[in-house]
Amino acid sequence: MDWLKHHRLTAFFVLAYAISWASWPFFAAGLMPRMEFLSVGPLAAAVIVIALAVGRAGFRAWGRRLIRWRVGWIWYAVALLLPAALVLVTGFITMALGAAAPGLERLTWGGLMTVFAVRLVNPLDGALGEEPGFRGYALPLLQASRPPLLSAAVLGALVTLWHLPLVLFSGLSAIGLPTTFAITFLYVWLFNRTGGSVLLTLLFHNSQGTFTVGSFGFTATDAGRAELIYFLAVVLAVLATVVLDRRAWRRAPRSATAVGRFSLRMRPL
């Protein structure tokens, strides 16, 4: 228990990987027909580590971050609209290069809202499975002893590796990995700018997964080109935050860090 209290980040990521990748050995041994990637891993890992290493005080601090809603309305707009804007820019550029977008004809506001609502409450989907763990638990611990830019890089690398089975077994394009790394910086920026609100990163993640580049219905070469354009759009958005909002990257607000009895004595990851 003493080791766990001083190595919470290591314990969290080991558990998150182990839970999400649990079926990999069984699939490799031919005991399962397919690899089942459990995106609830980070959420489950956070609950387990908090329960064993900190207890009620840890759950109270974590819970406050999960439901922190008193932020400026502009940040709700950023969380909901920035992911859609990145997708629209990607789609329009791809179409300007000659691609057809048959998927747009099938899109409806009702359909998008339904997908958004279901994803918002489904722990087996990416948003609710990831955000309370990666942003709500791991990021504050990282930022307790590291600047935001370095914390984003470390978290981005670990979250990207966590997604690896989706590339190997679920058809996710390989460019999805560097895109995941890059977009982590936007999550960290939003988290810190809202004083450590997991609710806002959850909305951002949910918006990102509701209206995607795939919604345009690009095929073959056009689909690959669109994924590359999307990656570049994300990178440009990250660079914009670094250049235009340098203050946000100098130091995380105290409310977005885990500073407490055990955090100050925590050994590096």
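Report the per residue volume, in Å³, of the convex hull enclosing the C-alpha atoms of the chain.
Values: hull volume 36.0 nm³, N = 269.
Each residue corresponds to 134 Å³ of Cα convex hull volume.
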Output ordering of 120-130, 94-104 (per-residue mean of other Cβ within 10 Å, highest first) is 120-130, 94-104
With -39,500 (n - 2.57) per DSSP H segment of 4 or more residues and division by the full residue count of the chain, the 222 nm estimate, nearest 500 deg cm²/dmol, is -20500 deg cm²/dmol
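State to the nearest 20 debye the size of the charge dipole of the range 2-265 about its Cα centre, where the only charges are +1 on K and R beta carbons and -1 on D and E beta carbons.
Numbers: 22 positive and 9 negative charges, 284 e Å.
My answer is approximately 1360 debye.
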When the chain is treated as a Gaussian network with springs between alpha carbons less than 10 Å apart, the largest mean-square fluctuation among Gly214, Gly133, Gly195 is found at Gly214
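Can you give the alpha-carbon Rg of the range 1-128 over 2.2 N^0.38 Å, where N counts its residues?
Details: Rg = 20.2 Å, N = 128, 2.2 N^0.38 = 13.9 Å.
The range 1-128 yields a ratio of 1.45.
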Just check the range 185-245 against the gyration tensor rule for me: Cα atoms, a ≥ b ≥ c as the square roots of the eigenvalues, rounded for a/c under 1.5, and otherwise prolate or oblate depending on whether a/b exceeds b/c.
-> oblate
Per-residue HN-Hα couplings for the range 163-178, Karplus 6.51 cos²θ - 1.76 cosθ + 1.60 at θ = phi - 60°, whole Hz, x for Gly and Pro?
-> 7, 3, x, 5, 6, 6, 10, 10, x, 5, 4, 4, 5, x, 6, x
Ala258's amide H: which non-local residues (gap 5+, or another chain) put their own amide H closer than 5 Å, with H modeled 1.01 Å from N in plane and none for Pro or chain starts?
-> Leu141, Gln143, Ala144
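Can you give the translational diffusion coefficient of the range 130-210 in µm²/s, computed by Stokes-Einstein from the Kirkwood radius over Cα pairs at 25 °C and 0.890 mPa s? List each step's numbers first, then the result.
On the way: Rh = 12.9 Å.
It diffuses with D of about 191 µm²/s by this estimate.
Report the equivalent ellipsoid semi-axes for the range 144-269 in whole Å, largest first, defined as the square roots of five times the eigenvalues of the gyration tensor built from alpha carbon atoms.
30, 17, 13
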Ranking Gly126, Leu112, Gly224 by how far each Cα lies towards the positive end of the charge dipole of the range 2-265 (+1 on Lys and Arg Cβ, -1 on Asp and Glu Cβ), the top one is Gly126
If one computes the Cα centroid of the range 54-78 and of the range 87-146, what distance in Å separates the two points?
-> 20
Semi-axes a, b, c in Å (a largest) for the range 1-69, each sqrt of 5 times a Cα gyration tensor eigenvalue, come to 29, 15, 7
Pop out the ³J(HN,Hα) list for the range 61-71 in order, Karplus 6.51 cos²θ - 1.76 cosθ + 1.60 with θ = phi - 60°, rounded to Hz; leave Gly and Pro as x.
-> 5, 5, x, 5, 5, 5, 10, 5, 10, 7, 10
Cα radius of gyration and Dmax for the range 125-171 (Å) = 12.0, 37
Considering every pair of different Cα atoms, what Kirkwood radius, in Å, is found for the range 88-134?
-> 13.0
With Cα springs under 10 Å, the Gaussian network model of the chain assigns the largest mean-square fluctuation among Glu36, Glu131, Glu105 to Glu105
What are the ³J(HN,Hα) values, in whole Hz, obtained from phi via the Karplus relation 6.51 cos²θ - 1.76 cosθ + 1.60 with θ = phi - 60°, for each residue of the range 21-37 in sequence order, with x given for Gly and Pro?
-> 9, 4, 7, 4, x, 5, 5, 5, 7, x, 8, 10, x, 7, 7, 9, 8
Positive-pole candidate from Ala101, Thr257, Phe37, dipole of the chain, charges at beta carbon = Thr257
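Every number in this text was worked out from the coordinates using simple rules, so none of it is lab data. Predicted model only: the values in this text are computed from it and were never measured. We place every Cβ from the backbone using ideal geometry, glycine too, and count neighbours over all the protein chains shown.
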